[in-house]
Amino acid sequence: MPDRVNFCPVDAPATDSLTYLVMIIAPSLLASNFGRFASETARIDKAGADWLHLDIMDGHFVPNISFGPQLVRTIRPLTKLFFDVHLMCTKPEILLEPFANAGADQMNVHVELGDRVTSLLWSIKNLKKRVGLAINPPTAISAVQPFLKQIDELLIMTVNPGFGGQEFIYETLPKIQQADAWRRELKLNFRIGVDGGINFKTAGECARAGADAFISGTGLFAQRSLKAAISKMRKIVVKNAPTNVGELELAGFPMGQGTA
């Protein structure tokens, strides 16, 4: 299922219109009301999100446990949102097919899994899902460089994964800048996602560094209106995007509705 990308509002500046098409706002279900996952999914959809981010924790790779394929299967019929599944798991290989069958559109595995990364990325691709690679704050950004031509998204963790509501780690900004530099140099079109401590302030700073997919939990859900919060974050990241429309086109970013 393609991700949904909102078109630029009619009153937005013309120079921002195509930038709106490539900036993704992805609320994290982990920050929603656990007692109302179905209605929260519908609320996220109606609020104008582009993706729904699903944090999968196994209690081993990270010290917390969240939810599994059955939840994804349950909420999948409720929305056409792009499901971005983040597997914070020691053995993601046993979960790829269950999550693919449950309705995931993209699955992210961690570069920290070492020698298994290549086979994991190919397994995701063979399941006909978009391929994501995540990296934790302590890991050198050079670890992802060998895989850049194989992925659809590089997910840069801006907190240490495992729990929501953490403070943004500013030392991760150079990682975003380096990833963006490699993307331009190699003329690739993978997304650069950021996850952890993303609020209105840090989203703008990540956008300036080169990010274009913004996963936000409490930064969005803590606001009175989720719809207004998503709209505000979108405007902030568009305003702070370092690239103009021509550069985006030259970099190979697809410009139409349903892009990822």
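Where a number appears in this text, it was derived from the coordinates with a stated rule and is not lab data. Since this is a predicted model, take the numbers as computed values, not measurements. Counting neighbours? That spans all protein chains shown, and the Cβs are built from the backbone with ideal geometry, glycine included.
Worth a mention:
- If R0 is 25 Å, the Cβ-Cβ spacing of LYS91 and ALA143 corresponds to a FRET efficiency of close to 0.80.
- SER231 versus LEU78: modelled label distance in nm, points set 7 Å from Cα along the beta carbon direction: 2.4
- Peptide packing for 25-31, 232-238 was compared via the average number of neighbouring C-beta atoms within 10 Å per residue; ordered from the highest value, the list is 25-31, 232-238.
- With neighbour counts taken as other beta-carbon atoms within 10 Å, the residues ARG191, ARG43, ARG36 rank, fewest first, as ARG36, ARG43, ARG191.
- Contact order normalised by residue count of segment 14-250, Cα under 8 Å, 6+ apart, percent: 21
- Among TRP122, TRP182, TRP51, a tally of other beta-carbon atoms within 10 Å of each Cβ gives an order, fewest to most, of TRP122, TRP182, TRP51.
- Distance cut-off 28 Å, percentage of C-alpha pairs in segment 14-250 lying past it: 24
- Counting neighbouring Cβ atoms within 10 Å and putting the fewest first, the residues HIS110, HIS60, HIS53 line up as HIS60, HIS110, HIS53.
- Here, segment 126-201 yields an orientationally averaged convex hull projection of 5.9 nm² when only Cα atoms define the hull.
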